[in-house]
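Colleague: Below you will find the structure I want to go over with you.
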Amino acid sequence: MTDHRIKNVVIVGGGTAGWMAAAALSRFLNNGYTKVTLIESEEIGTIGVGEATIPPLISFNAMLGINENEFVAETQATFKLGIEFVDWGRLGDRYFHPFGSYGQDLQGIHFHQLYLREKMAGPVPDIGDWAISAVAAQRGRFARPGRAAQAPLASLRYAFHFDAALYAAFLRRYAERHGVRRTEGRIEHVALRPADGFVESVRLADGRSIDGDLFIDCSGFRGLLIEEALNTGYEDWSRWLPCDRAIAMPCALAGAEPEAFTRATARRSGWQWRIPLQHRVGNGHVYSSGFCSDDEAERTLRDHLEGEPGGDPRLLRFTTGRRSLAWNRNVVALGLAGGFVEPLESTSIHLVQSGIARLIALFPDKRFLAVERDEYNRQMQSLAERVRDFVLLHYKATERSDSDFWRQCAATAIPDSLAERIELFRAKGRIFAEGAELFSTSSWVAVMLGQHIVPDEYEPVVDALDENLVANAMEQMRRAIDQTVERLPSHGEFIAQCRSTL
Ligand code: FAD
């Protein structure tokens, strides 16, 4: 019988994407016959940004059997409870997109629907008071909920901020321990099989040739295999997502403790991130080159740093969009080689993780069945488009008119998929999760309400619940969150606890 099994996997690139893929494959292809090789070039280097994550990364690390405290110590990580958005809807605005959900649903009715009825009846606190992650973030407190946690602590969700270079190095050690072979060198040529155009091998500058059955392209924006060799094509989303450049520059930590949240502050022609780590703060200004020069962008960033600059500014150029096929022939593109939505909701590393999980679920053999490849591409497309819509919502739902950039964002024609969501929410506050949805109902509610998309009415089913009972239940939920958060250690104390266990 012919043996169709994949024996040789070659990963091209050793940034976050490459080492995440290598670590995961070393764990799942530990079968005695598949060899995994990773090629990277120190001379070319990695992009060096990508410090904020979202909660599913916890399961990626857990799947690898990584000790979370060790990870926190080795990558200088802090905990992230969500994102604070400043000046997005209107100048002077501030809202929080928390991880986890708001309150508790009652009799199958979404909490935010109950909240909307209360809000229409009279003044109510901000909906963030019902999200334990938001309250903990604002008070600088944190604790890992643990398996036995009860409400409301059980609904606290978190992710991490980390040093991307240290995370890649951490995963490299893991992958090499589990049998991945690393090859240093610059790839100069990609050889295609004449019969079908599949990638056969790559040749390094020193003349070595490395062949493989399956190639994973993690070579960054250029897409060395997926684009330069296979001409797959790129779907450009910049008509919707207008930012195309970023200037990144770390600074020293100003306060005594790092905050447990990312801050995204809207600027005249884009927005600025602030990501506190244990040893420094990552900052960057993401902007549209059509509205702002690089010098002006750098000045804006420097003017708003909240600590001593800790390095030279780095300019990064990108085009938002996605590779037309994430999997083409025997090449699967992960990370920036597969596309880039833009960093506003910290989704890129998650898309890498999802790509790896789906590749493992649909792992091919040497016949490369079209049905498996097509399913992979369909799922990745759907996921990326949902993420795009969610990020685009932040730009579209603005009432700012103080710059050409924001006026253009407000006037942008958006995809039908997003227009329908906004319309449904505006009517009766409804959000429906569909397909490969990454962001939860609470996430959509946070941004819609935070940026002044307020429903005209609430769902009629809410009226089946007694108003006083609901008001009491809501007050109890709010008090329970308040009291629970008061008992948590400070974020800094919790990090120190993590480190002390090692
Ligand atoms: P890279 O880091 O660029 O790695 C490419 C690798 O390919 C390198 O090892 C390089 O040496 C190698 N290579 C390239 N060409 C060759 C060759 N010819 N021969 C040999 N090797 C080669 N994501 C998040 O999840 N959260 C964030 O907060 C976030 N912020 C971001 C901010 C900005 C401004 C940008 C641009 C991106 C951000 N991202 C973020 C995305 C994140 O940085 C990437 O998804 C992540 O770093 C993965 O990058 P990569 O591994 O695909 O590419």
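The values are calculated or read from the model by the stated rules, or taken from the named source; none is laboratory data. Keep in mind it's a predicted model, so treat the numbers as computed, not measured. A quick note on method: Cβ atoms are made from the backbone with ideal geometry, for glycine too, and the neighbour counts reach across all protein chains shown.
Colleague: Please count how many residues of segment 458-496 are in contact with a helix residue (DSSP H, G or I) (Cβ under 7 Å, 6 or more places away or on another chain), farther than 22 Å from residue 152 by Cα and in a helix (DSSP H, G or I).
Modeller: 1
Colleague: Determine whether residue 40 is more than 17 Å from residue 218 (Cβ to Cβ), at pLDDT 95 or above and within 16 Å of the ligand (Cβ to nearest atom).
Modeller: Against the criterion (more than 17 Å from residue 218 (Cβ to Cβ), at pLDDT 95 or above and within 16 Å of the ligand (Cβ to nearest atom)), residue 40 does not qualify.
Yes/no matrix, rows are residues, columns are (1) within 16 Å of the ligand (Cβ to nearest atom); (2) hydroxyl-bearing (Ser, Thr, Tyr):
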position	(1), (2)
213	no, no
219	yes, yes
222	yes, no
230	yes, no
237	yes, no
243	yes, no
261	yes, no
265	yes, yes
268	no, no
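Colleague: Just one of the numbered conditions (1) surrounded by fewer than 22 Cβ atoms within 10 Å (Cβ to Cβ); (2) touching a Ser or Thr at 6+ places or on another chain (Cβ under 6 Å) is not true of residue 426; which one?
Modeller: If we test residue 426 against (1) surrounded by fewer than 22 Cβ atoms within 10 Å (Cβ to Cβ); (2) touching a Ser or Thr at 6+ places or on another chain (Cβ under 6 Å), just (2) comes out false.
Colleague: Of the conditions (1) within 26 Å of residue 491 (Cα to Cα); (2) more than 15 Å from the ligand (Cβ to nearest atom); (3) modelled with pLDDT of 95 or more, residue 291 satisfies every one except a single condition; which number is it?
Modeller: (1)
Colleague: Taking residue 418 as meeting all but one of (1) more than 26 Å from residue 384 (Cα to Cα); (2) part of a helix (DSSP H, G or I), write down the number of the exception.
Modeller: Answer for residue 418: the failing condition is (1).
Colleague: Shifting gears a bit: Are any of the residues in segment 336-348 surrounded by fewer than 20 Cβ atoms within 10 Å (Cβ to Cβ) and part of a loop (DSSP other than H, G, I, E, B)?
Modeller: no
Colleague: Right, next: Can you name the number of the only condition in (1) within 16 Å of the ligand (Cβ to nearest atom); (2) modelled with pLDDT under 95 that residue 254 fails?
Modeller: Failing condition for residue 254: (1).
Colleague: Exactly one condition in (1) under 29 Å from residue 350 (Cα atoms); (2) free of Cβ contacts under 8 Å to residues at least 24 places away in the same chain; (3) not in a loop (DSSP other than H, G, I, E, B) is not met by residue 393; state its number.
Modeller: Answer for residue 393: the failing condition is (2).
Colleague: Please state which of the following conditions residue 121 fails to meet, knowing it meets all the rest: (1) closer than 18 Å to residue 457 by Cα; (2) surrounded by 15 or more Cβ atoms within 10 Å (Cβ to Cβ).
Modeller: Answer for residue 121: the failing condition is (2).
Colleague: Is it the case that segment 123-132 has a residue that's modelled with pLDDT of 95 or more and within 16 Å of the ligand (Cβ to nearest atom)?
Modeller: Looking for residues that are modelled with pLDDT of 95 or more and within 16 Å of the ligand (Cβ to nearest atom), one finds none in segment 123-132, hence no.
Colleague: Looking for whichever is within 16 Å of the ligand (Cβ to nearest atom) and either out of contact with any Pro (no Cβ under 8 Å at 6 or more places or on another chain) or assigned to a loop (DSSP other than H, G, I, E, B) (or both) here; the options are 73, 24. Which one fits? I'd like the intermediate steps shown before the answer.
Modeller: Details: 73 fails: within 16 Å of the ligand (Cβ to nearest atom).
Just one listed residue meets the conditions, 24.
Colleague: When segment 322-365 is examined, which residues are found to be in contact with an Asp or Glu (Cβ under 8 Å, 6 or more places away or on another chain) and more than 13 Å from the ligand (Cβ to nearest atom)?
Modeller: If the condition is that a residue be in contact with an Asp or Glu (Cβ under 8 Å, 6 or more places away or on another chain) and more than 13 Å from the ligand (Cβ to nearest atom), then 324, 329, 330, 331, 362, 364 are the ones that fit.
Colleague: Let me ask another. Can you tell me which residue in segment 180-211 is nearest to the ligand (Cβ to nearest atom), limited to those that are surrounded by fewer than 21 Cβ atoms within 10 Å (Cβ to Cβ) and within 15 Å of residue 328 (Cβ to Cβ)?
Modeller: Ranking the candidates gives 190 first.
Colleague: Could I ask something else about it? Quick one: is residue 171 within 16 Å of the ligand (Cβ to nearest atom), surrounded by 22 or more Cβ atoms within 10 Å (Cβ to Cβ), part of a helix (DSSP H, G or I) and of a type in the set (A, V, I, L, M, F, W, C)?
Modeller: Numbers: within 16 Å of the ligand (Cβ to nearest atom): yes; surrounded by 22 or more Cβ atoms within 10 Å (Cβ to Cβ): yes; part of a helix (DSSP H, G or I): yes; of a type in the set (A, V, I, L, M, F, W, C): yes.
Answer is yes for this residue.
Colleague: Restricting the search to segment 308-338, which residues are at positive phi and over 23 Å from the mean Cα position of the chain (by Cα)? Break it down stepwise before answering.
Modeller: Just the residues of segment 308-338 that are at positive phi, to begin with: 311, 321, 329, 335.
Selection gives 311, 329.
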